[in-house]
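Report on one structure; see the data block that follows.
The values are calculated or read from the model by the stated rules, or taken from the named source; none is laboratory data. None of these values were measured; they are calculated from a predicted model. Every residue, glycine among them, receives a Cβ derived from its backbone with ideal geometry; neighbour counts consider all protein chains shown. The accessibility values were calculated without ligands, DNA or RNA, using every heavy atom of the protein model including side chains. Shrake-Rupley method; radii C 1.70, N 1.55, O 1.52, S 1.80 Å.
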Amino acid sequence: MTRSDLVEELAARFGQLTHRDAEFAVKAILDAMNDAMVRGHRIEIRGFGSFSINHRPPRIGRNPRSGESVAVPEKRVPHFKPGKALREAVDQRSTEL
């Protein structure tokens, strides 16, 4: 599902919302989540999952073409952990197929 699919679904489910309002709502939610993660906060949506930041320490990597060692700096990367309800729903759906 893409962002535009989400906007379409929201506008279709709630008839009182115009397409423009649904687009604004989705943008506001995603921007708020983005800002929170940039600040290093954890986001938890009950029944869906949680978003957090993982820290990857610096390491020595290899250039696959030349084989020489390359220093890879530390990174902060987003991480999603699905909630129990989402895991069970996906698992239930996969056993029905």
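Looking only at segment 51-97, count how many residues are hydroxyl-bearing (Ser, Thr, Tyr) and either in contact with a His (Cβ under 9 Å, 6 or more places away or on another chain) or touching a residue at least 40 places away in the same chain (Cβ under 8 Å) (or both).
1
Scan segment 74-96 for residues that are outside any helix (DSSP H, G or I) and open to solvent by 90 Å² or more (accessible area, probe 1.4 Å) and jot them down.
Selection gives Glu74, Lys75, Arg76, Pro78, Lys81.
Within segment 64-72, can one find any residue that is hydrophobic (A, V, I, L, M, F, W, C), touching a Lys or Arg at 6+ places or on another chain (Cβ under 6 Å) and not in a helix (DSSP H, G or I)?
Yes, that holds for at least one residue.
Looking only at segment 19-50, count every residue that is open to solvent by less than 70 Å² (accessible area, probe 1.4 Å) and either without any contact (Cβ under 8 Å) to a residue 24 or more places away in the chain or basic (Lys, Arg) (or both) and tell me the total.
Residues that pass the stated criteria total 9.
Report whether or not Asp91 is of a type outside the set (A, V, I, L, M, F, W, C) and under 15 Å from the mean Cα position of the chain (by Cα).
No; evaluated as a whole, the condition is false for this residue.
Please find, within segment 3-16, the residue that is least open to solvent (accessible area, probe 1.4 Å) out of those that are over 15 Å from Ile29 (Cβ atoms) and assigned to a loop (DSSP other than H, G, I, E, B).
Only one residue tops the list, namely Gly15.
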